[in-house]
Amino acid sequence: MVKTTHQCVLTDEYIVEAQRLAIAQNKTLKFLYQTWWAWWLPRVVLAGILIFSLLNDLEFVSIMIGAILLMSVGGEWFGRRNLAKARKKMRFKGSTTTVSMDENGVDIVGETGNSHSKWSGMLVPAIYPHGVVIKFSRFAMVWLPDQALVEGSAADVRALLARERQRFRDQELLDTALSYSEASGHDRQKRVETSRMLTLPGNWTAVPVRRSFQLTH
């Protein structure tokens with residue numbers, strides 16, 4: 001059984017990177033904080049309108065556009081300030097958290113206590129060139145940099161997570177197949193696009209048909 005262990009020290013550098021990658025897992029937050037054109041493209045347009053208004057003595061429009069530009073800059077500054085404040089309030093800074101992974105799940109030992117999570121109750125992990133993000137939920141995750149490995153290798157981590165990512169895909173496929181079977185009623189066959197064999201509960205069977213399956217009783 002493949003087993004890997006990370007020992008992550010909660011340094012300022014670790015917290016900054018963990019926060020950045022956590023934001024990247026949320027599409028809305030990523031758009032607001034990590035998509036540069038989301039802030040600058042509207043500013044360029046507003047700056048053009050402001051110049052046009054000034055050249056044509058449109059004072060009221062100029063004031064309005066100028067105020068919006070200031071609010072845009074201030075909003076971005078306050079957003080980054082709030083992220084910095086959140087990092088400063090991080091509890092247990094300087095402590096060490098040990099994260100072990102194997103086929104049975106993820107074990108965490110740290111200042112907040114011990115925990116064990118099974119892969120079946122977690123979300124699809126995110127894999128990066130320099131580490132991985134294990135996601136327990138949409139808002140609870142842990143960043144595991146490769147340099148924090150004390151047992152196993154980076155290749156072992158990715159091989160383990162690759163199996164879990166495939167299991168997540170298979171589960172999604174299975175859920176789709178079951179939804180077809182429940183909705184069919186009188187239909188005896190429903191196609192489910194896939195290239196892998198499935199074992200379905202009940203009296204449904206996945207029969208390979210070229211690059212897809214047909215669900216039959």
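Filtering the range 67-122 down to residues that are of a type in the set (Val, Ile, Thr) and in a helix (DSSP H, G or I), which residue is farthest from GLU164 (Cα to Cα)?
So, considering only residues that are of a type in the set (Val, Ile, Thr) and in a helix (DSSP H, G or I), the one farthest from GLU164 (Cα to Cα) is ILE68.
Does LEU50 count as touching a strand residue (DSSP E or B) at 6+ places or on another chain (Cβ under 9 Å), at pLDDT 85 or above and assigned to a helix (DSSP H, G or I)?
no
Somewhere in the range 93-114, is a residue on the phi > 0 side of the Ramachandran plot, surrounded by 14 or more Cβ atoms within 10 Å (Cβ to Cβ) and out of contact with any Cys (no Cβ under 7 Å at 6 or more places or on another chain)?
Among the residues of the range 93-114, at least one is on the phi > 0 side of the Ramachandran plot, surrounded by 14 or more Cβ atoms within 10 Å (Cβ to Cβ) and out of contact with any Cys (no Cβ under 7 Å at 6 or more places or on another chain), which makes the answer yes.
In the range 41-63, what residues are surrounded by 13 or more Cβ atoms within 10 Å (Cβ to Cβ) and under 38 Å from the mean Cα position of the chain (by Cα)?
Result: PRO42, ARG43, LEU46, ALA47, ILE49.
Identify, please: which residue in the range 7-31 is of a type in the set (Ser, Thr, Tyr) and modelled with pLDDT of 90 or more and is, among those, nearest to MET101 (Cα to Cα)?
The residue in question is TYR14.
Can you find a residue that is over 18 Å from GLY131 (Cβ atoms) and of a type in the set (Phe, Trp, Tyr) anywhere in the range 10-27?
No, because not a single residue in the range 10-27 is over 18 Å from GLY131 (Cβ atoms) and of a type in the set (Phe, Trp, Tyr).
From GLU13, GLU17, grab the single residue that is at negative phi and surrounded by fewer than 13 Cβ atoms within 10 Å (Cβ to Cβ).
Within the list GLU13, GLU17, the selection yields GLU13.
Is it true that GLU59 is closer than 30 Å to ILE134 by Cα and of a type outside the set (A, V, I, L, M, F, W, C)?
Criteria not met by GLU59.
List pairs: first residue in the range 76-103 and without any contact (Cβ under 8 Å) to a residue 60 or more places away in the chain, second residue surrounded by 11 or more Cβ atoms within 10 Å (Cβ to Cβ) anywhere in the structure, Cβ distance under 6 angstrom, at least six positions apart or on different chains.
GLU76/TRP39
Assess whether SER153 counts as being surrounded by fewer than 14 Cβ atoms within 10 Å (Cβ to Cβ), at pLDDT 90 or above and of a type in the set (S, T, N, Q).
So SER153 fits the description; yes.
Just a yes or no: is a residue in the range 45-64 aromatic (Phe, Trp, Tyr) and in contact (Cβ under 8 Å) with a residue 40 or more places away in the chain?
Among the residues of the range 45-64, not one is aromatic (Phe, Trp, Tyr) and in contact (Cβ under 8 Å) with a residue 40 or more places away in the chain, which makes the answer no.
All but one of (1) touching a residue at least 24 places away in the same chain (Cβ under 8 Å); (2) outside any helix (DSSP H, G or I); (3) exposed (fewer than 12 other Cβ atoms within 10 Å of the Cβ) hold for THR5; state the number of the condition that does not hold.
(3)
The values are calculated or read from the model by the stated rules, or taken from the named source; none is laboratory data. Worth saying up front: this structure is predicted, and the values here are computed from it rather than measured. Reconstructed Cβ throughout: ideal geometry from the backbone, glycine too, with neighbour counts over all protein chains shown.
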